[in-house]
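In what follows, a structure is listed as structure tokens, so that the remarks can point back to it.
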Amino acid sequence: MRLNGIFWFGFAAALGSGYLYLTTRVQGMDTELARIEKRVIAEREAIHVLKGEWSYLTRPARIAKLARRHLNLTPITPRHIRTLADLPPGASPARTRIAGKRRPRR
Amino acid sequence: MSAPPREPRQRAASAPPPAIEIGRARSMLTRLLFGLAFLVVALRLVEVSLLTPSRSPHQSTNVERPAVSHRADIVDRNGIILATGLPTHLLFADPAIVLDADAAALRLAAVLPGLDAARTAARLRRPTRFVRLRRHLTPRQYYEVNRLGLPGLHFRPQRRRVFPNGALAAHVVGFTDVDNRGLSGIERFFNARLGAGGAALALSIDVRVQHAVREELSAALARFGGTGAAGLVLDVASGEVLALVSLPDFDPHHPAAAPRSARFNRATLGVYEMGSTVKVLTAAMALDSGAVKPGDRFDVETPIRTGGYVIGDLTPRKGRLSVWEIFAYSSNLGMVRMARAAGTSRQRDFLARIGMFRPARIELPEIGTPLVPTPWRESNSVTAAYGHGIAVSPLQLASAVAAIVNGGVKVPTTLLRRPAGGRVAGRRIIGARTSARMQRLMRLAVTRGTGKRAAAPGYLVGGKTGTADQSTGTGGLIASFVAAFPMDAPRYVVLVMLETPKRVGKNGAKITGGKAAAPVVGRIIPRVAPLLGVEPVLDAPGSHRDGGILKVKAERRNGEAN
């Protein structure tokens, strides 16, 4: 009888402590989740602000000014635009393959 | 001695006192019940922790989410941000807690530019519990003020509407008030949709095209003087507006600082007698009606008298001119006679169908109502043939010209980006053959006529000049040019209008649409064509672009680079 009582008492104690352990674990996870969600919101906001800053930094007037100062480019004219069909007759990507039997004609 | 001791024990065993037995039974039952209860708890624990399938991520109840959704962004067709909200802070003070008002005011003034220390100190001594010190602190200012560590200062998060591209699309995007409500432009037209938050609103505007138009327009305005200007680029197939510029414009962050004239949208709200650019419509109407054939010739020498005044041409000519010459050389007399051949009522109906009598359709609150004479008399028909006597907005005209050159279908204009490749429903205005004829006429007006300065090599520009003295308002001059390119298969319409440019040029010649507006178009098109994916025609004869126009030009050419 005493053993029986001890067993049941032990069982109840084990159950109780197991339950306590679970609840503290869950609470800890909940706090962690709240912390992470707060960070996600903050990061999203930071991304939003950066997007706005990007649009400001890449506005056409600024890009044009920087290009004039740092790049040696001229406006594109129709002379600069060509198509594949404008390549000299006889020249084609297939013919200019280096590897293999075909060699570029000189 | 054995029997008698046994008897009492046995007697005790065979008839036990009921109390103990009952007690034991109860105790057993209780133990059983408790054991059962704990078993249930144990089983439930197992079930909850191990057996329940994972549901959607459980959201924590501890985090405060923003109660209101933020105002949606406005972006251009490529995702560039035109309007967005940035987090700021409102700084306010509780004078009851502020220790030293003067010192606090001085330290605040050191960090916040423009803060009047004396006035602030006085306000910090007021008997209230709330004194608003400054709205919309930037993050840096927020950090600095916080660092001061002054007691009695508090912050409240705010959202400030910011326009990263500044004045570039000011008339399109508009601006908001301090409570982030739209007051003009898209901000106002779509105020509800933007206020509800969510995905960004994508406009049809392309900031790169917008920038090119604005820059060239500004240069022309500076060069020719004038009170204002307007520029438009439309996609003829979809009706999308790629650029809408009105000058002067304003900084949407400080709209009140700009004069009234700067906030007036000359492209959509202003109505003007557009002058000879309307001849595109007259010619299209006359040809489509069948009353005028491409080979017909009309008298351009005899002046026309109507309604008490005399109509003549800017450059008087003799005899009879063909239809293309009348168009290319912009003869009023020829045009009037062409319109008369078609008839007054047909012309009126045509103008109505192509949208000249109703306000333009676009997603802006600032839309001007055209001035149209009612009832429509023959004299109105005469003047309307060369663009006088009715006042329309540049957007109406550009949209009508787009309908003429795109094969003959009027497509509603829009400032919202349309999904690529979608077919847009429109109204047929003229036949496809008339549209092709008008393409050739407009091309000739640039290669041989008054629009020579709009010729951008390689892009097959076609168009029509307009020089109109306004009979209403202050009577200024409107110099304009409406173009479409590439003319063998038009994709875009470009319209430039200069308001009251100087009347006279360097050598005393009168400023015309051909001199002031056409060159602007001639500079805009080469800048935007590569952005819009329009391939230039190569100079070498025998190139691939077909369409009659190029073939004819190749035959006539002898060393010209066009």
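The values are calculated or read from the model by the stated rules, or taken from the named source; none is laboratory data. Because the structure is a prediction, the values reported are computed rather than measured. Glycine gets a Cβ as well: all are built from the backbone with ideal geometry, and neighbour counts include every protein chain shown. Side chains included, ligands, DNA and RNA excluded: accessible areas come from the protein's heavy atoms. Shrake-Rupley method; radii C 1.70, N 1.55, O 1.52, S 1.80 Å.
As a calculated quantity, the FRET efficiency between B:Arg24 and A:Ala34 at R0 = 41 Å, using C-beta atoms, amounts to about 0.20. Using Cβ point charges alone (K and R +1, D and E -1), the dipole size of chain B about the Cα centre works out to roughly 460 debye. Can you give the angle from 0 to 90° between the axis of helix B:3-14 and the longest principal axis of chain B, with both taken from C-alpha atoms, to the nearest 10? Roughly 20 degrees between the two axes. Between B:Val173, B:Pro18, B:Leu232, the Cα set farthest toward the positive side of the dipole of chain B (charges on each charged residue's Cβ, about the Cα centre) is that of B:Pro18.
Taking every residue in B:403-412 and counting other chain Cβ atoms within 10 Å of its Cβ, the average works out to 0. Taking a ≥ b ≥ c as the square roots of the eigenvalues of the alpha carbon gyration tensor, the stretch B:168-254 is oblate, as a/c is not under 1.5 and a/b does not beat b/c. When the square roots of the Cα gyration tensor eigenvalues are ordered a ≥ b ≥ c, the ratio a/c for the stretch B:346-434 is 1.5 or more and a/b does not exceed b/c, which makes its shape oblate.
Mean residue ellipticity at 222 nm, helices only, the protein assembly as shown: -12500 deg cm²/dmol; runs of at least 4 DSSP H residues each add -39,500 (n - 2.57), and the sum is divided by the number of residues. Averaged over the residues of A:74-82, the number of partner chain Cβ atoms lying within 10 Å of the residue Cβ comes to 5. Put simply, when B:314-324, B:174-184 are sorted by average Cβ atoms within 10 angstrom per residue, most first, you get B:174-184, B:314-324.
The solvent-accessible area of B:Val411, taken with every protein chain present and a 1.4 Å probe, is close to 10 Å². Taking all protein chains as shown and a probe of 1.4 angstrom, B:Lys515 keeps an accessible surface of around 70 Å². Between the stretch B:69-148 and the stretch B:369-385, how far is it from one alpha carbon centroid to the other, in angstrom? The stretch B:69-148 and the stretch B:369-385 have Cα centres spaced 57 Å from each other. First check a/c for the stretch B:372-506, with a ≥ b ≥ c the square roots of the eigenvalues of its C-alpha gyration tensor; if it is under 1.5, answer rounded, and if not, answer prolate when a/b is larger than b/c or oblate otherwise. It is oblate, given that a/c is not under 1.5 and a/b is not larger than b/c.
Taking both sides together, the accessible area buried where B meets A is about 2800 Å² for a 1.4 Å probe. Against chain B, whose longest principal axis is taken from its Cα atoms, helix B:394-405 shows a tilt of about 70°.
The mean number of Cβ atoms from other chains found within 10 Å of a Cβ in peptide A:39-51 is 2, as a whole number. In chain B, the longest principal axis of the Cα atoms and the axis of helix B:101-111 are about 50 degrees apart. For B:Phe327, A:Phe9, the ranking by accessible surface with the largest value first comes to A:Phe9, B:Phe327, using a 1.4 Å probe. For chain B, which whole percent of the accessible surface, found with a 1.4 angstrom probe, sits on carbon and sulfur atoms? Accessible surface attributable to carbon and sulfur in chain B totals 56 percent. Per residue, the stretch B:271-386 exposes 42 Å² of solvent-accessible protein surface, assessed with a 1.4 angstrom probe and all protein chains in place. Placing +1 on each Lys and Arg Cβ and -1 on each Asp and Glu Cβ, with no other charges, gives the protein assembly as shown a dipole about its Cα centre of roughly 1500 debye.
Note on the stretch B:130-232: dipole from Cβ charges, positive end direction compared against B:Gly195, B:Tyr142, B:Val209; the farthest Cα belongs to B:Tyr142. The protection proxy used here, the mean number of other Cβ atoms lying within 10 Å of each residue, ranks peptides B:135-141, B:495-501 as follows, highest first: B:495-501, B:135-141.
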